[in-house]
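A short write-up of the structure that comes next.
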Amino acid sequence: MERIYIGMGSNLAAPAEQLRNALDALAQLPNSRLAGVSAFYQSDSLSPGQPRYTNAVAALDSSLAPLALLDALQAIEHAQGRERLERWGPRTLDLDILLFGNRLIDEPRLKVPHYHMQARPFVLYPLAELAPSDLQLADGRHLRDLLDACPFVGLERLA
Ligand code: ROI
């Protein structure tokens with residue numbers, strides 16, 4: 001089993017419900033256990049002119065291989081109506097593998113740690129709710145340092 005952190009986001013079709021449905025689907029993945037979920041957070045989209053996003057992070061313990069998990073996450077996105085119309089476009093559901101145990105993954109379909117996580121408060125702050133405070137990424141960076149460089153700005157933590 002490895003500990004995997006999954007970033008979740010939605011800005012269409014009742015975002016909080018999309019995240020709850022995705023959590024139900026994650027809990028049913030084979031050879032896996034849903035180990036935790038952060039609070040939900042709302043924030044403005046990084047690309048202008050889209051509805052606000054609801055984001056959260058899930059902790060999954062799994063013995064699935066990285067690409068098998070990626071396939072499963074894409075199947076969940078698809079089942080919840082994700083259409084890949086444009087890069088950075090609005091979406092019913094986005095599931096991103098942020099961290100996968102202590103692995104560095106650099107494949108065409110999958111880069112871990114996730115590329116943009118260090119600059120995104122809506123990823124780092126929910127991740128910090130679940131991860132140990134001394135978490136070190138596989139590339140040597142410390143979560144603590146990423147948080148220090150990424151102010152808690154524009155995030156609204158939902159009850
Ligand atoms: N903005 C926010 N706040 N949350 C997201 O999940 C998100 N995802 C994206 C872009 C369009 C970059 N902006 C986002 O893909």
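For region 85-125, enumerate the residues that are under 26 Å from PHE152 (Cβ atoms) and aliphatic (A, V, I, L, M).
LEU93, LEU95, ILE97, LEU98, LEU99, VAL112, MET117, ALA119, VAL123, LEU124
Would you confirm whether any residue within region 63-77 is at pLDDT below 95, of a type in the set (Asp, Glu) and more than 13 Å from the chain's Cα centre (by Cα)?
No, region 63-77 contains no residue that is at pLDDT below 95, of a type in the set (Asp, Glu) and more than 13 Å from the chain's Cα centre (by Cα).
So if I check each of ARG82, ARG52, ARG33, which one is of a type outside the set (A, V, I, L, M, F, W, C), more than 15 Å from the chain's Cα centre (by Cα) and within 13 Å of LEU95 (Cβ to Cβ)?
It is ARG82.
Of the residues that sit in region 78-124 and are assigned to a helix (DSSP H, G or I) and buried (at least 20 other Cβ atoms within 10 Å of the Cβ), which one is nearest to the ligand (Cβ to nearest atom)?
Among them, the one singled out is PHE122.
Give me the pairs, please: first residue somewhere in region 38-54 and farther than 20 Å from LEU23 by Cα, second residue anywhere and more than 10 Å from the ligand (Cβ to nearest atom) and of a type in the set (A, V, I, L, M, F, W, C), beta-carbon distance under 7 Å, and either six or more positions apart or on two chains.
PRO51/LEU12
How many residues, within region 130-146, are touching a residue at least 24 places away in the same chain (Cβ under 8 Å), outside any loop (DSSP other than H, G, I, E, B) and loosely packed, with under 14 Cβ neighbours inside 10 Å?
So the answer is 0.
Any residue at all in region 128-151 that is within 13 Å of the chain's Cα centre (by Cα), within 16 Å of the ligand (Cβ to nearest atom) and of a type in the set (A, V, I, L, M, F, W, C)?
no
If the Cβ limit is 8 Å and pairs must be 6+ apart or interchain, which residue in region 78-98 that is touching a residue at least 60 places away in the same chain (Cβ under 8 Å) and closer than 17 Å to ILE4 by Cβ pairs with which residue that is surrounded by 12 or more Cβ atoms within 10 Å (Cβ to Cβ) and aromatic (Phe, Trp, Tyr)?
Between residues of region 78-98 that are touching a residue at least 60 places away in the same chain (Cβ under 8 Å) and closer than 17 Å to ILE4 by Cβ and residues that are surrounded by 12 or more Cβ atoms within 10 Å (Cβ to Cβ) and aromatic (Phe, Trp, Tyr), the close pairs are ILE97/TYR5; LEU98/TYR5.
Say we look at region 31-45 and pick out the residues that are of a type outside the set (A, V, I, L, M, F, W, C) and outside any strand (DSSP E or B); which of these is surrounded by the fewest Cβ atoms within 10 Å (Cβ to Cβ)?
The residue in question is ASN31.
The values are calculated or read from the model by the stated rules, or taken from the named source; none is laboratory data. Keep in mind the model is a prediction, meaning the values are calculated, not measured. Here Cβ is always computed from backbone atoms with ideal geometry, including for glycine, and neighbour counts include all displayed protein chains.
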